Amino acid sequence: MKGNILVIEDNEQNLYLVRFILEKNGYTVHAAMDGQTGIDMAAALKPDMILLDIQLPVMDGYAVARNLRANPELAAIPIVAVTSHAMVGDRDKAMEVGCNGYIEKPINPDTFMSEVERHLVVK
Amino acid sequence: MLKGHRRIAERKAIVFFARLIHGLLILTLVSVVCGSMALAESRVVKVGVYENSPKVFTDESGRPSGIFIDLIEYIASEEDWEVQYVAGTWAEGLERLEKGLIDLMPDVALTTEREKRFSFHKIQVLSSWFQAYARKDSGLQSILDLNGKRVAILDKSVQQEAFTRFSRGFGLDTKLVAVADYKTMFEMVAKGDVDAAVTNQFYGSMHARKYGLVDTAIVFEPSALFFAAPKNSSRELLEAIDQHLDYLKKDTKSAYYATLRKWTSEEVRFRLPVWLQVLGLIAGIVLLMSLGGSVILKNQVNARTRELKQINSEMEVRIIERTAELALAMEKAQSADRLKSAFLATMSHELRTPLNSIIGFTGILLQRLGGPLNEEQEKQLKMVYNSARHLLSLINDVLDISKIEAEQLNVVSETFNLRETVEKVIKTSQPLAENKNLKLTAEIAPEIGLMKSDRRRVEQILLNLVSNAVKFTEQGFVRMKCEIQNGKIVIAVADSGIGIRPEDMDKLFNAFQQIESGITRKYDGTGLGLSISRKLANLLGGEIRVESEWGKGSTFTFLLPREGEKA
């Protein structure tokens, strides 16, 4: 078992895709379909990494990241933003609210794992 | 005051009494002697005349005229004097008076010096002051302006002396030119022989205009004017003058006021020259005609005004309507703009989300993460994958051009390694080039490294240039060359492709316009790539240049400022 990864993503297909790739690569995936559930799960599970979709309903990814970073117990957990925004300033904004990395959609299966593992703190 | 009145009353009583006796005496004499005695009784009074219109002067017919003359004529008729006039200059008049050659000199200003030489009656005939007159363009405004100027002044007059005192008081160096009469003085000013002339206000106000002269603000020496008699003569004449003046001045309808009205400026208007009167008549007729004309004109103007008002109000209504239409159109445009923005945001998210799925899943299937694939399955999945990627790039292009045109596209400035970006672009494009058996190479100068710009946009531009080159080249090479020239980063992408015809160069960068050629159909794309690249390059402060030779290949050069590049 390589590690626990919490994926906060509201789109089922995307969630399935990410889960599929991560599980195939030996990770345990926990999924949250909205921001608040994600925050609660993060506090309970203390995963090795959080993959965070920015375009979430109700509470967007930036708010979730801020919330997670406000909890000192979760301060060390790397957060990687995943977004299809691909807009200027998105990357800066994600970094600003406490994300460690940024992966653009569409997910490229060839490079996805290397990008994820770049931010993963190996225990 | 009371005392004065009483004295005058007493004097009047005495004079009345004297005249009564006088009259009785004459009556007695007449009754005794013949009429010739009466002639002897008429007193001959010699009066000096000089030229100082309107106070005293000789008129066109050679007769003495003016205020003083009218007065003395009136008094003479009352007193039964026979007046004889002796004409001459002012100085001559005074000289004659002093020698007793004349009995009265009119228009003499009373001064202490003159009081020693002449006798004066007590009630002043006129009061006057002196004023300087000059040409209209003289610019003379105050006494100070007379410094260094030539001023004409009446010879041996009180003003000569007064002006000298007056100008000395101001420390002025004014050259006085003594002239025998006022007329000559004004002529001299008009001709420019002197700069100004000093005359009394009566003469000046009456004659200045005739010579094209105007009064200045230089006014001095108010004076009281009298008839003067020789020093040691009897006071009979002077007393008679005083008596009459006393009466005359009390009654505004008297001969005194009549002559004043006649000779001062009010009356002067009635003595306008004939030509001026004719002119006035003509002007009057013209005025009447124009009045008649203006009534007609006024009616026409009123009619036109009504028309204009109507047109104006119609215009106003139209303007209001148009404004409302424009406001509506504006609102529509604005709502369309909002719709466009909302559409862009929706496109961005909703169209890409399913594509992400398609690309993602075909990707993992092709990676065999889902299990083994046979050859046909792999070929078909690759087609799905490539089509989905192409569709995504088309969507991205359309979004980009929309954002650029809506001026919503911003670029960031971040530090990144240009070398890595160029290498990534080559690596990404390499499979496409290999498919066509093209040689894709990059030559990166050693000084290329960290720089500051928008990494994603630089990458987008380079990818576009390289993929275009690969797309339009059937055999040969695509070469990237990256270096620094004249302080700018220069990235050239050269190919051995079909090239561009000179006539097509202009539309090369137009949106949605792929260059038409017999083989165009072979090339996919919206025709947006170059248009976006050029606009992005401009946004980054750079530019894209192109050189091409039809059939031999093209070179697209991307110039980018290196500011922010880490030394």
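Overview of values
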read-out	value
Test item: A:106-118 mean partner chain Cβ contacts at 10 Å	3
Ordering of A:68-78, B:546-556 by burial proxy (mean other Cβ atoms within 10 Å per residue, highest first)	B:546-556, A:68-78
Additional length obtainable on full extension of the chain from B:ASP506 to B:GLU483, 0.36 nm per residue less Cα span	5.6 nm
Modelled FRET efficiency - R0 56 Å, A:LEU45 with B:GLU549, Cβ distances, 0.05 increments	0.30
Surface/4 of the Cα convex hull for region B:410-561, nm²	8.6 nm²
Length gained when the stretch B:LEU308-B:ARG165 is fully extended (0.36 nm per residue, less Cα-Cα span)	44.6 nm
DSSP-defined antiparallel bridges as percent of all bridges, region A:26-120, nearest 5	0 percent
Highest to lowest packing among B:55-66, B:369-380, B:136-147, scored as the average C-beta count within 10 Å	B:55-66, B:136-147, B:369-380
Partner chain coverage, peptide B:352-364 - average Cβ within 10 angstrom	6
Residue-averaged beta-carbon neighbours from other chains (10 angstrom radius) around B:448-457	1
FRET efficiency for B:THR184 and B:SER294, using Cβ-Cβ distance with R0 set to 51 Å, rounded to 0.05	0.60
Gyration tensor (alpha-carbon) shape descriptor, region A:1-95, a/c threshold 1.5	oblate
Region A:4-119, relative contact order [Cα under 8 Å, separation at least 6], %	23 percent
Estimated FRET transfer efficiency when R0 is 45 angstrom, pair B:GLU316-B:ALA283 (beta carbons, to 0.05)	0.55
Relative contact order (%) - criterion: Cα under 8 Å, at least six apart; region: chain B	10 percent
DSSP-defined beta bridges in chain B - what % are antiparallel, rounded to 5	70 percent
log10 of Debye I(q)/I(0), alpha-carbon scatterers only, for region B:161-299 at 0.12, 0.15, 0.20 Å⁻¹	-0.82, -1.04, -1.24
Contour minus Cα-Cα distance for B:LYS249 and B:ARG235 (0.36 nm per residue)	3.0 nm
Descending principal axes extents, chain B, alpha-carbon based, whole Å	180, 61, 50
Cα shape, the protein assembly as shown, gyration tensor, a/c 1.5 rule	prolate
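Computed from the coordinates by the stated procedures, all read-outs in this text should not be read as laboratory data. Quick caveat: nothing in here was measured; it's all calculated off a predicted structure. Note that each Cβ is placed from the backbone with ideal geometry, even for glycine, and that neighbours are counted across all protein chains shown.
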